[in-house]
Amino acid sequence: MALWVRFRDELDIESFGVLQDGGSIGVYDGDMFNNPAPSGASVSLGAVRLLTPTRPSKVIALWNNFRAGAEKLNLPIPAEPHYFLKTPNSYLNPFETIRKPKSSDGKVGFEGELGMVIGKTCKEVAESDAMSYIFGYTCVNDVGIFDIVNRNPAFPQWVRGKGFDTFCPMGPVVATGLNPGTLVVKSILNGQERQNYPISDMIFSAAQLVNLISQDMTLYPGDIITCGTSTGAGSMKPGSTIEIEITGIGKLVNTFE
């Protein structure tokens, strides 16, 4: 197991590496997804600014992928994955601020989710091979304004409602060597736990998601599939702190203004 991070140092140089005991980062050279090599250098975690753990060409976000959530909302179990895309302008680093858009007065909601990070180019892969295309896992907050998503019944505006600037915090690490079926996602708003649900309740498993989505579109190294959320998601008020925590990965912390 390794915990990979991307960061900017005091000279504003972008690098990546692996978290080490004692609060340091072992710096690597090359490509995180293609034979990265340790440089021999290290830097203190407290001396850098963490970035999103990858630079995805796209984030594929699942809707209605948990049995408990579907039951609570009285939604039918889907026959195939339902998903939308989150655009690069929405990506947000750990510890940075989610901003309420000036163009909308709607409630801004949080959804704690597991993000699966693709490690190699992935097109039309078999379910039996799909797990080998997952490099690791991260925490994602799928922020959105459902007033906008549901405003027009003739055309649900998923990309608009979920794609505002800062609406896709990710991180703080990519954790490798985990079994996603054993993980639990928690969302903590202003110190109060709001979500606590097991990934084992997913309707479509990790392997099924990679298999089925890769039939539709090519996935590239660094792309992220967010697995959807379950019960307990809600809205945030300005001045809030929202934390997404997954054991084995860590805690994604952001403020909301």
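The values are calculated or read from the model by the stated rules, or taken from the named source; none is laboratory data. Predicted, not measured: the structure shown is a model, and the values here were computed from it. Glycine gets a Cβ as well: all are built from the backbone with ideal geometry, and neighbour counts include every protein chain shown. The protein model used for the area step is the full one, side chains on, heavy atoms only, and it has no ligands, DNA or RNA in it. Shrake-Rupley method; radii C 1.70, N 1.55, O 1.52, S 1.80 Å.
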Please report, as a whole percent, how much of the solvent-accessible surface of the chain comes from carbon and sulfur atoms (probe radius 1.4 Å). 50 percent
1/(1 + (r/R0)^6) with r = Cβ-Cβ of Leu73 and Asn196, R0 = 25 Å, i.e. FRET efficiency to nearest 0.05, evaluates to 0.90
Starting from the amide H of Lys100, placed 1.01 Å from N in the peptide plane, find each other amide H under 5 Å away whose residue is 5 or more places distant or on another chain. Glu257
Amide hydrogen neighbours beyond the local backbone of Thr229, cut-off 5 Å, H modeled: Asn64, Asn65
To the nearest 500 deg cm²/dmol, what mean residue ellipticity at 222 nm is calculated for the chain from DSSP H runs of n ≥ 4 alone, each contributing -39,500 (n - 2.57), summed and divided by the residues? -2500 deg cm²/dmol
Under 5 Å between amide hydrogens, which residues at least 5 positions from Lys58 or on another chain qualify, with H placed 1.01 Å from N in the peptide plane? Ile224
From the phi angles alone, apply the Karplus equation (6.51, -1.76, 1.60; θ = phi - 60°) to segment 53-60 and give each ³J(HN,Hα) in whole Hz, x where the residue is Gly or Pro. x, 9, 10, x, 6, 6, 10, 9
Quick check on my link table: of Lys100/Lys162; Lys72/Lys186; Lys102/Lys251; Lys58/Lys162; Lys102/Lys186; Lys162/Lys186, which ones sit more than 22 Å apart, alpha carbon to alpha carbon? Lys102/Lys251; Lys102/Lys186
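Probe of 1.4 angstrom, ligands and nucleic acids ignored: what's the accessible area per residue over the chain, in square angstrom?
It amounts to 45 Å² per residue over the chain.
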State the volume of the convex hull built on the alpha-carbon positions of the chain, expressed per residue in Å³ and rounded to an integer. 128 Å³
Say R0 is 25 Å: what FRET efficiency, to the nearest 0.05, do Asn179 and Tyr220 get from their beta-carbon distance? 0.55
Where in the chain is the longest stretch that carries no trypsin sites (Lys or Arg not before Pro) classed as loop by DSSP and with at most 12 other Cβ atoms within 10 Å? 124-257
Note, ³J(HN,Hα) from phi for segment 205-220, Karplus 6.51, -1.76, 1.60, rounded to Hz, x at Gly and Pro: 6, 4, 5, 5, 4, 5, 4, 6, 5, 5, 6, 8, 8, 6, 9, 10
